[in-house]
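A.B. asks: Structure in structure tokens, see below.
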Amino acid sequence: MPIFKIHHITKYEYDRPVKESTNEIKIFPYQCVDQEILQHQLDITDQPEIFQYTDYWGNKIGLFNVLAPHKTLIIESQLIIRTTLSETLNINFISGFDELKNEVKDNLLLLELSRADAIKSQKSIDEIIAILNPANKSIAEIAQNCNEFIYSNFNYIKGITNIETTVDEILELRSGVCQDFAHVMLQILRTLQIPSRYVSGYICPNKDGMRGEGATHAWVEVFIPGTGWVGLDPTNNVWVTNTHIKLAVGNHFNDCTPAKGTFKGPARQKLSVYVSVGYEDGHVFEEKTNVQMHTVADNDKELLIEENYMGQQQQQ
């Protein structure tokens, strides 16, 4: 049962003062039996009061406002957490679509997570499914084969996609990062009417090394009859065990984004994200990302109050 120390800093900088910054954060560890929160401290510019609630998906949400003019907004999370999920998973590799239908039929949440999106490239998804050949296979086997297919046939390349990149574009590029691979996997599984959900969190370094270590990460959880929700990481072609820390779950990335909000004022903004993951033995893995932003500025309208969206970080 490893213990990890995670330091996560989201920093917004503006070229002139902005005000009335209203924000939503999803950087609280997800409440589940697989992880135990030992300590969690949040520090935010001007120390605003944080209103907390649980959303539809079971995520803990924080809302806060920074009303006074400011040129910097820093959201700092310091977390100590123990993962309790075993490295040896007990997954039902026998149950198939008949068992799945019996568990899903009266569950509105599972039914919702079984519906694929309408996309232009559905034919490409259908071709992938034909390669996977799901007939007469268990749900767990189909999910594992899908996980492996994405890992083997999509290239992990940072910087060629962003938070707005669609599944159609990812299928054309055959490249991206963890957020992209999770969305493709969701589309495949949901086309087969297998309930699946997007997961955001952190992936902690291990002796073998993994893509996305140290940064915010994304993967997929699949509902397997007789087992329940089980995570798969298509970026690394692994079942999720005790090296993944879960923050939020949802239908897509937008349900899980770690921080988002709005502010008033005509300003250019810069977003940087720093994440470090430390072991009990003192070893630390860290990464800092400067996020490419759309800028908002109009020299002819600087006296006007404008409402602007704060940037969101793509998960790596």
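The values are calculated or read from the model by the stated rules, or taken from the named source; none is laboratory data. Note that the coordinates shown come from a computational prediction; the quantities given were computed from them, not determined experimentally. A quick note on method: Cβ atoms are made from the backbone with ideal geometry, for glycine too, and the neighbour counts reach across all protein chains shown.
A.B. asks: Please enumerate the residues belonging to region 126-143 that are surrounded by 21 or more Cβ atoms within 10 Å (Cβ to Cβ) and part of a helix (DSSP H, G or I).
C.D. replies: Answer for region 126-143, where residues must be surrounded by 21 or more Cβ atoms within 10 Å (Cβ to Cβ) and part of a helix (DSSP H, G or I): ILE139, ALA140, ILE142, ALA143.
A.B. asks: Of the residues ARG190, ARG115, which is basic (Lys, Arg) and surrounded by 16 or more Cβ atoms within 10 Å (Cβ to Cβ)? Steps first, answer last, please.
C.D. replies: Working: ARG115 fails: surrounded by 16 or more Cβ atoms within 10 Å (Cβ to Cβ).
Matching residue, one of ARG190, ARG115: ARG190.
A.B. asks: Moving on. Output the residue which, of all residues in region 148-169 that are of a type in the set (S, T, N, Q) and out of contact with any helix residue (DSSP H, G or I) (no Cβ under 7 Å at 6 or more places or on another chain), is surrounded by the most Cβ atoms within 10 Å (Cβ to Cβ).
C.D. replies: So in region 148-169, the residues of a type in the set (S, T, N, Q) come out as 152-153, 155, 161-162, 165-166.
Filter once more, keeping what is out of contact with any helix residue (DSSP H, G or I) (no Cβ under 7 Å at 6 or more places or on another chain): 152-153, 155, 162, 166.
Details: SER152: 9, ASN153: 11, ASN155: 9, ASN162: 18, THR166: 15.
That would be ASN162.
A.B. asks: Among the residues in region 216-231, are any surrounded by fewer than 23 Cβ atoms within 10 Å (Cβ to Cβ), at pLDDT below 90 and part of a loop (DSSP other than H, G, I, E, B)?
C.D. replies: The answer is no, given that none of the residues of region 216-231 is surrounded by fewer than 23 Cβ atoms within 10 Å (Cβ to Cβ), at pLDDT below 90 and part of a loop (DSSP other than H, G, I, E, B).
A.B. asks: For region 175-187, name all the residues that are hydrophobic (A, V, I, L, M, F, W, C), in contact with a Ser or Thr (Cβ under 9 Å, 6 or more places away or on another chain) and in a helix (DSSP H, G or I).
C.D. replies: Within region 175-187, the first condition is being hydrophobic (A, V, I, L, M, F, W, C), and the residues that meet it are 177-178, 181-182, 184-186.
Then drop every residue that is not in contact with a Ser or Thr (Cβ under 9 Å, 6 or more places away or on another chain), which leaves 177-178, 181-182, 185-186.
Of everything in region 175-187, those that are hydrophobic (A, V, I, L, M, F, W, C), in contact with a Ser or Thr (Cβ under 9 Å, 6 or more places away or on another chain) and in a helix (DSSP H, G or I) turn out to be CYS178, PHE181, ALA182, MET185, LEU186.
A.B. asks: Could you list all residues from region 92-128 that are under 20 Å from ALA140 (Cα atoms) and hydroxyl-bearing (Ser, Thr, Tyr)?
C.D. replies: Selection gives SER95, SER114.
A.B. asks: Continuing with this model, one more query. Tell me which residues, restricted to region 151-174, are part of a loop (DSSP other than H, G, I, E, B) and under 19 Å from the mean Cα position of the chain (by Cα). Break it down stepwise before answering.
C.D. replies: Step one: filter region 151-174 for residues part of a loop (DSSP other than H, G, I, E, B), giving 154, 157-166, 174.
Residues satisfying the conditions are PHE154, ILE157, LYS158, GLY159, ILE160, THR161, ASN162, ILE163, GLU164, THR165, THR166.
A.B. asks: While we're here: Closer than 17 Å to VAL277 by Cβ, touching a residue at least 12 places away in the same chain (Cβ under 8 Å) and not charged (D, E, K, R): is that true of SER77 in this structure? Quick ask: steps written out before the conclusion?
C.D. replies: Details: closer than 17 Å to VAL277 by Cβ: yes; touching a residue at least 12 places away in the same chain (Cβ under 8 Å): yes; not charged (D, E, K, R): yes.
In short, yes.
A.B. asks: Take LYS207 and tell me if it is on the phi < 0 side of the Ramachandran plot and either at pLDDT 90 or above or among the β-branched types (Val, Ile, Thr) (or both).
C.D. replies: Values: on the phi < 0 side of the Ramachandran plot: yes; either at pLDDT 90 or above or among the β-branched types (Val, Ile, Thr) (or both): no.
No: the conditions fail for LYS207.
A.B. asks: Answer yes if at least one residue in region 113-131 is out of contact with any Ser or Thr (no Cβ under 8 Å at 6 or more places or on another chain), free of Cβ contacts under 8 Å to residues at least 24 places away in the same chain and farther than 19 Å from VAL167 by Cα, and no otherwise.
C.D. replies: no
A.B. asks: Further question: I'd like to verify a number: residues in region 38-56 that are surrounded by 14 or more Cβ atoms within 10 Å (Cβ to Cβ) and part of a strand (DSSP E or B), how many?
C.D. replies: Summing the residues that are surrounded by 14 or more Cβ atoms within 10 Å (Cβ to Cβ) and part of a strand (DSSP E or B) in region 38-56 gives 3.
A.B. asks: Would you check if ARG211 is free of Cβ contacts under 8 Å to residues at least 24 places away in the same chain and either charged (D, E, K, R) or crowded, with 16+ Cβ neighbours inside 10 Å (or both)? Explain how you work it out, then say what you get.
C.D. replies: Details: free of Cβ contacts under 8 Å to residues at least 24 places away in the same chain: no; either charged (D, E, K, R) or crowded, with 16+ Cβ neighbours inside 10 Å (or both): yes.
The answer is no for ARG211.
A.B. asks: Of the conditions (1) polar (S, T, N, Q); (2) on the phi > 0 side of the Ramachandran plot; (3) part of a helix (DSSP H, G or I), GLN193 satisfies every one except a single condition; which number is it?
C.D. replies: (3)
A.B. asks: Across region 15-29, which residue is nearest to the chain's Cα centre (by Cα) among those that are buried (at least 22 other Cβ atoms within 10 Å of the Cβ) and over 21 Å from VAL199 (Cα atoms)?
C.D. replies: SER21
A.B. asks: When only residues in region 17-37 that are touching a residue at least 40 places away in the same chain (Cβ under 8 Å) and outside any strand (DSSP E or B) count, which is farthest from ILE3 (Cα to Cα)?
C.D. replies: We begin by selecting, within region 17-37, every residue touching a residue at least 40 places away in the same chain (Cβ under 8 Å); these are 17-30, 32-37.
Restricting the remaining residues to those that are outside any strand (DSSP E or B) gives 26-30, 32-34.
Working: LYS26: 21, ILE27: 18, PHE28: 16, PRO29: 14, TYR30: 16, CYS32: 16, VAL33: 15, ASP34: 12 Å.
So the residue we want is LYS26.
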